[in-house]
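Report on the following structure.
The values are calculated or read from the model by the stated rules, or taken from the named source; none is laboratory data. Since the structure is predicted, the reported quantities are computational estimates derived from the model, not experimental observations. With ideal geometry, Cβ positions are generated from the backbone for all residues, glycine too; neighbour counts draw on all protein chains shown.
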Amino acid sequence: MEEFVLKLDQLSLRNFVQELSSDSATPGGGSAAALCGAMGAALSAMVARFTGGREKFKDAWERMEGIKQESDELAERFLALAQEDTDAYQEVIAALQLPRATEEERAVRQGALQKAMRKASKVPLETLRASESLIKMGKEAVEKGNPSTLTDAAAAVHLAHTAGTVAAYNVRINLSILRDDAFVQGCKREVEDILERMEAFRGEADGTVNAQLP
């Protein structure tokens with residue numbers, strides 16, 4: 001019998017939320033984080049479209065064109081990562097369900113679990129990396145975009161920050177099971193570095209937004 005694979009991009013918003021609230025392990029926080037990123041990227045692209053072509057913002061046209069294209073690509077990447085996160089954790093579940101009655105079975109199960117958890121760590125790490133790319137563009141959209149879309153650009157920044165924060169949590173919890181110390185320490189350092197940079201971008205963007213709001 002062919003295994004059923006849930007395709008998140010084929011669900012309505014309501015059905016996605018229902019799947020998220022169900023007693024199934026997937027989709028979970030990692031997919032939700034990636035969806036936050038996709039919405040943030042879409043808002044960043046929207047700001048760029050509302051800015052480009054308007055004469056008063058001509059100095060920003062070239063960069064807005066770049067932001068539009070990069071944000072559209074990032075939105076697609078985040079949607080793919082939402083599915084990848086669900087698929088990766090399904091592999092973890094499959095590994096956990098392997099038999100472990102004998103020493104040999106336990107060794108096979110442990111090998112499969114280590115492989116699955118490594119993949120389950122890499123996917124949210126990619127979400128975190130994409131979130132950093134998005135928050136940089138969101139900050140530019142805040143600073144250079146059409147003022148009428150200021151809070152949309154700010155939303156892009158905060159959605160990116162949320163996506164990155166949740167993705168980082170998922171990387172860290174999945175690393176806790178891995179036995180490859182070099183891989184674990186490398187991932188931890190990268191997570192810390194990216195989060196530090198993202199926090200700085202968010203703070204700068206918030207300063208710009210708050211200076212323009214009543």
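Each residue in the range 121-139 was checked for being in contact (Cβ under 8 Å) with a residue 60 or more places away in the chain, farther than 30 Å from K58 by Cβ and over 10 Å from the mean Cα position of the chain (by Cα), and 1 pass.
Within the range 6-47, being polar (S, T, N, Q) and closer than 13 Å to A82 by Cβ holds for Q10, T26, S31.
May I ask you to list the residues in the range 169-183 that are under 21 Å from G29 (Cα atoms) and over 18 Å from the mean Cα position of the chain (by Cα)? Steps first, answer last, please.
Going through the range 169-183, the residues under 21 Å from G29 (Cα atoms) turn out to be 169-178.
Listed by number, the residues that qualify are S176, I177, L178.
State whether the residues of the range 23-42 include one that is in contact with a helix residue (DSSP H, G or I) (Cβ under 9 Å, 6 or more places away or on another chain), charged (D, E, K, R) and without any contact (Cβ under 8 Å) to a residue 24 or more places away in the chain. For the range 23-42, residues in contact with a helix residue (DSSP H, G or I) (Cβ under 9 Å, 6 or more places away or on another chain), charged (D, E, K, R) and without any contact (Cβ under 8 Å) to a residue 24 or more places away in the chain: absent.
Would you call S24 of a type outside the set (F, W, Y) and modelled with pLDDT under 95? Let's see the steps before the verdict.
Values: of a type outside the set (F, W, Y): yes; modelled with pLDDT under 95: yes.
So S24 passes the test.
Restricting attention to the range 170-212, the residues being surrounded by fewer than 16 Cβ atoms within 10 Å (Cβ to Cβ), in contact (Cβ under 8 Å) with a residue 40 or more places away in the chain and either closer than 23 Å to R77 by Cα or of a type in the set (A, V, I, L, M) (or both) number 3.
Against the definition (among the basic types (K, R) and assigned to a helix (DSSP H, G or I)), how does R179 come out, yes or no? Even if it seems obvious, please write down each step before you answer.
Values: among the basic types (K, R): yes; assigned to a helix (DSSP H, G or I): no.
Taking the combined requirement at face value, the residue does not satisfy it.
Residues of the range 119-139 that are surrounded by 24 or more Cβ atoms within 10 Å (Cβ to Cβ), in contact with a Leu (Cβ under 7 Å, 6 or more places away or on another chain) and farther than 20 Å from G28 by Cβ: L134 alone.
Within the range 89-104, residues that are surrounded by 13 or more Cβ atoms within 10 Å (Cβ to Cβ) reach partners that are polar (S, T, N, Q) with beta carbons closer than 7 Å, at six or more positions or on different chains, in the pairs Y89/T26; Q90/T26.
Screening the candidates A116, A88, A112 for the property of being closer than 20 Å to V184 by Cα and in contact with a Leu (Cβ under 8 Å, 6 or more places away or on another chain) yields one hit, A112.
Please pick out the residue among V166, V142 that is closer than 12 Å to L43 by Cα and either in contact (Cβ under 8 Å) with a residue 60 or more places away in the chain or over 16 Å from the mean Cα position of the chain (by Cα) (or both). I'd like the intermediate steps shown before the answer.
Numbers: V166 fails: closer than 12 Å to L43 by Cα.
Of the residues listed, the single one that is closer than 12 Å to L43 by Cα and either in contact (Cβ under 8 Å) with a residue 60 or more places away in the chain or over 16 Å from the mean Cα position of the chain (by Cα) (or both) is V142.
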